[in-house]
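Peer 1: Here it is: the structure, laid out below.
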Amino acid sequence: MRAFYDWLGSLICHQLPERSLMINETVLPVCARDTGIYIGMFVSLVYLMIKKRWKCDKPPALKITVILCLMIIPMGVDGVSSYLGLRSTTNIIRIITGALFGMTLPFFLMPIAHFKVFAINTRPSLIAVKEIIIVTAVVLIGCMAVYMGMFPSWWVISTIILVTILFIYYRLCYTIVCQVFSHMQKGKIVVALLLQLVVFSTLYVLRYYVLVYFL
C-alpha cells in the first residue's frame with residue numbers, strides 16, 4: 001500500500017528527499033511544498049463542506065478575492081527566486097508558502113462548475129474576511145504540526161494528501177465537463193472520471209519517458 005502512495009505521489013511531484021518531510025522516519029509521498037498545497041486545499045474543502053457551500057456558484061467578493069490572490073504570490077516568489085539561485089529556501093518556507101497557495105484554490109475552483117453565465121449567481125464560496133483568517137490559522141497550525149513531526153501517523157497525513165490530489169483532479173475534470181457539455185443532463189460524473197483516468201494515464205506515460213530518457 002505504501003508503494004502505491006509513493007507511486008501516486010510521483011505522478012505530480014519530484015519527491016526529492018531533501019525537499020520532503022518525514023513522519024516516523026518515513027518520507028511523505030510528496031515534497032514539502034506539495035504537502036502544504038494539499039493540506040491547504042483539504043482544509044478549505046472541509047470548511048466549504050461544513051459551511052454547506054459545496055455547491056457555491058459565485059467567487060468571493062472583490063476585496064476577498066484580492067486578499068486570496070495576494071496569498072498566492074509568496075509561493076511563486078519563493079519558488080522562482082530559489083530556482084534561479086537568487087536565494088536559498090527551506091522546507092518550512094516551502095510548506096507554508098505552499099499551504100497559502102493551496103488553501104485559496106478551492107474558493108475559486110468550486111464555484112466554477114456551478115457558475116451560471118446567463119443567470120444570477122447568489123452563493124459565494126466565501127462571505128467575510130474573517131473566514132480567511134480562520135481557514136489560514138487552521139492551515140498553518142496543521143502544517144506546523146506536520147513539519148514538527150507532531151502527527152503520529154504517516155498514513156493519516158499521506159491519505160489526506162492523496163485523497164485531496166484525487167479529488168482536485170476529479171473536480172477539475174468535472175468542471176471542464178460541466179462547462180463544455182453544459183446541456184448534458186446525465187453522465188457528467190462518469191465522463192469526468194473517464195477524463196481523470198486519461199489525465200493520470202498521461203501523467204504516468206510522461207513520468208515513464210522522463211525516467212527513461214532524461215534521468
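Laboratory data are not the source of any read-out in this text; all were calculated from the coordinates shown. The model shown is predicted, which means the values in this text are computed figures rather than measured ones. Glycine also receives a Cβ, built like all others from the backbone with ideal geometry; neighbour counts cover every protein chain displayed.
Peer 1: Tell me which DSSP H helices of the chain clear both cut-offs, 20 Å or more of axial length from alpha-carbon atoms and a mean Kyte-Doolittle hydropathy of at least -1.0. Mind showing how you got there, number by number?
Peer 2: Details: long enough: 32-50 (27 Å, 1.32); 62-83 (32 Å, 1.59); 91-114 (36 Å, 1.38); 129-147 (27 Å, 2.16); 154-180 (39 Å, 1.72); 188-213 (37 Å, 1.79).
Correct list, ordered by number: 32-50, 62-83, 91-114, 129-147, 154-180, 188-213.
Peer 1: Along Cα→Cβ, 7 Å out, is where each label goes; now give me the distance between the ones at Val46 and Leu197 in nm to one decimal.
Peer 2: Reported label-point gap for Val46 and Leu197 is 3.1 nm.
Peer 1: Work out the FRET efficiency for Ile141 and Arg207 from their Cβ-Cβ distance, taking R0 = 35 Å, and round it to the nearest 0.05. Intermediate results must be reported in sequence, preceding the final value.
Peer 2: On the way: r = 33 Å, r/R0 = 0.95.
Taking R0 as 35 Å, the efficiency between Ile141 and Arg207 is 0.55.
Peer 1: Here is a follow-up. Which residues in the range 53-84 place their backbone N less than 15 Å from a point set 7 Å from the Cα of Ile189 along the Cα-to-Cβ direction?
Peer 2: Residues passing the 15 Å test: 55.
Peer 1: Debye sum, Cα scatterers, the range 2-213, no solvent: what log₁₀ I/I(0) at q = 0.07, 0.11, 0.13, 0.15 1/Å?
Peer 2: For the requested q values the scattering log ratios are -0.23, -0.58, -0.81, -1.05.
Peer 1: Can I ask one more? Could you work out how far apart the two model spin labels at Gln179 and Met22 are, taking each label as a point 7 Å from the Cα in the direction of the beta carbon, and quote it in nm?
Peer 2: Result for the modelled spin labels: 4.2 nm.
Peer 1: Let me ask something additional. If packing is taken as the average number of other Cβ atoms within 10 Å across a peptide's residues, how do 89-99, 48-58 rank, most packed first?
Peer 2: Averaged packing, sorted descending, gives the order 89-99, 48-58.
Peer 1: Another question, if that's okay. In what sequence, highest mean first, do 134-141, 200-207 appear when ranked by Cβ atoms within 10 angstrom?
Peer 2: Those peptides, ordered most packed to least, come out 134-141, 200-207.
Peer 1: On to the next question. Given H placed 1.01 Å from N in the peptide plane, which residues other than close sequence neighbours of Lys58 have an amide H under 5 Å from its amide H?
Peer 2: Arg123, Ser125
Peer 1: Which of the peptides 119-128, 172-181 is most tightly packed, and how do the rest follow, judged by the mean count of other Cβ atoms within 10 Å per residue?
Peer 2: Per-residue mean Cβ counts within 10 Å order the peptides as 172-181, 119-128.
Peer 1: Can I ask one more? Which residues does the label zone of Ser153 cover in the range 45-77, counting backbone N under 17 Å from a point 7 Å along Cα→Cβ?
Peer 2: Flagged as within label range: none.
Peer 1: Here is a further query. Which order do Ser182, Ser10 fall in if you start with the one that has the fewest other Cβ atoms within 10 Å?
Peer 2: Details: Ser182 10, Ser10 16.
Going from sparsest to densest Cβ surroundings: Ser182, Ser10.
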